[in-house]
Amino acid sequence: MERIGFVGTGIMGGPMARNALKTGFAVTVTNRTPARAEPLAKDGATVVKTPREVAERSDIVVTMVPNTPDVEAAVFGPDGVAAGARDGLLLIDMSTISPAATRAFAERAAKNRPPFHTLDAPVSGGEIGAIEARLSIMIGGDAADVKRAMPLFEALGKTIVHIGDHGAGQACKLANQIAVAINNLGVSEALVFAASQGIDLEKTRQVIAGGAGSSWAMQNYAPKMLAGDFRPGFMVDLQQKDLRIVLDNASADHISVPGAALVHELYNALQRDGGGREGNHALIKVIEKLSGIEARARS
């Protein structure tokens with residue numbers, strides 16, 4: 001089996017590295033905050049200090065970091081993956097970043113000495129999907145590299161789709177994020193409206209989840225909303241980062257995304273009130289504040 005490296009072992013990267021270990025891969029990890037990587041040593045991972053060391057010990061390196069500058073630093077910084085690359089190294093960026101930057105990084109990797117191959121393979125499914133190895137993985141890059149990486153992808157997710165060339169995976173993820181954000185708004189409005197009518201919120205959620213109004217958000221986020229549990233599986237700050245990328249790309253291409261723009265503004269209000277590090281389902285707090293009604297299920 002190929003040796004796997006992970007750069008970034010946070011909410012998503014940590015469980016993903018753990019699932020790679022469970023599948024039998026030899027895994028080397030690093031994290032910007034070293035304490036976030038140390039627990040993986042108990043599961044059999046080798047913990048090192050820099051992305052360069054990860055690359056030196058790995059055949060395939062996964063980056064799972066917050067944003068575009070973080071990917072660039074992890075890959076092309078002084079102690080980055082590129083500095084430790086060897087012939088045959090495959091870099092898989094599973095972060096969510098700009099499609100244009102992804103294409104530029106692929107070109108830089110091809111010109112590196114030695115050169116290395118890249119895939120962009122962002123994921124959907126949140127922390128629970130990462131823990132349970134049920135992620136949806138959308139991939140951009142060469143078919144031969146996708147085939148090579150498939151055993152690793154199969155250890156991490158259930159829905160694995162090669163979308164197209166470099167950057168296509170990131171473009172698909174941004175489309176996914178539009179749907180996620182707007183679904184969160186729909187769930188939030190539905191529950192606050194139900195609360196205003198004085199009806200049982202959990203029964204309402206159950207019937208909506210079983211009908212045409214169902215969504216992943218209704219099934220997975222709504223119970224947390226009703227319980228007042230806003231611990232992050234995917235933080236508001238990261239949702240906003242993704243929506244900014246959506247809006248920048250849409251503006252550049254003169255594409256109308258009014259729903260995404262609205263949700264972005266509502267999340268701005270949540271960030272202003274200190275909710276940036278809460279789960280993205282905390283959007284319901286904004287609708288509650290606008291309506292003067294709290295939507296919580298009775299215990």
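Quick note: the coordinates plus some simple rules give every number you see, no bench work behind them. Please read all numbers here as calculations on a predicted model, not as lab measurements. Neighbour counts are summed over all protein chains in view; Cβ atoms, including those assigned to glycine, are modelled from backbone coordinates with ideal geometry.
For the reader, a short list of remarks on this structure follows.
- Label corresponding to Rg and Dmax of the Cα atoms in Å when calculated from the structure given, among [x] 19.2, 56; [y] 20.0, 66; [z] 20.0, 69: [y]
- Peptides 179-191, 260-272 ranked from most to least packed, by the mean per-residue count of other Cβ atoms within 10 Å: 179-191, 260-272.
- Using a Förster distance of 25 Å, the FRET efficiency for Ala144-Arg244 (Cβ separation, nearest 0.05): 0.15
- Counting only DSSP beta bridges with both residues in region 91-161, the antiparallel share comes to about 30 percent.
- Length added when fully stretched, Gln271-Val161, from 0.36 nm per residue minus Cα-Cα: 36.3 nm
- Total charge dipole magnitude, region 171-291, about the Cα centre, Cβ charges on Lys, Arg, Asp, Glu only, Debye to nearest 20: 180 debye
- Region 171-291: relative contact order as a whole-number percent, Cα under 8 Å and 6+ apart: 37 percent
- Under the criterion of Cα pairs below 8 Å and six or more residues apart, the relative contact order for region 60-216 equals 18 percent.
- Label-point separation in nm, Ser214 to Arg231, each point 7 Å along Cα→Cβ: 2.7 nm
- Number of Lys-Lys pairs in region 4-166 with C-alpha atoms under 25 Å apart and a separation of 8 or more places or on different chains: 6.
- Residues listed by number, region 98-125, amide nitrogen under 12 Å from Lys224 label point at 7 Å toward C-beta: 125
- Of all DSSP beta bridges in the chain, antiparallel share, percent nearest 5: 15 percent
- Expressed per residue, the C-alpha convex hull volume of region 171-291 stands at 103 Å³.
- Of the two radii for region 72-114, the radius of gyration is 0.93 times the Kirkwood radius, both from the alpha carbons; that is the Rg over Rh value.
- Region 195-272-region 78-156 distance, computed between alpha-carbon centres (Å): 28 Å
- Distance between the 7 Å Cα→Cβ label points at Arg3 and Asp43: 2.0 nm.
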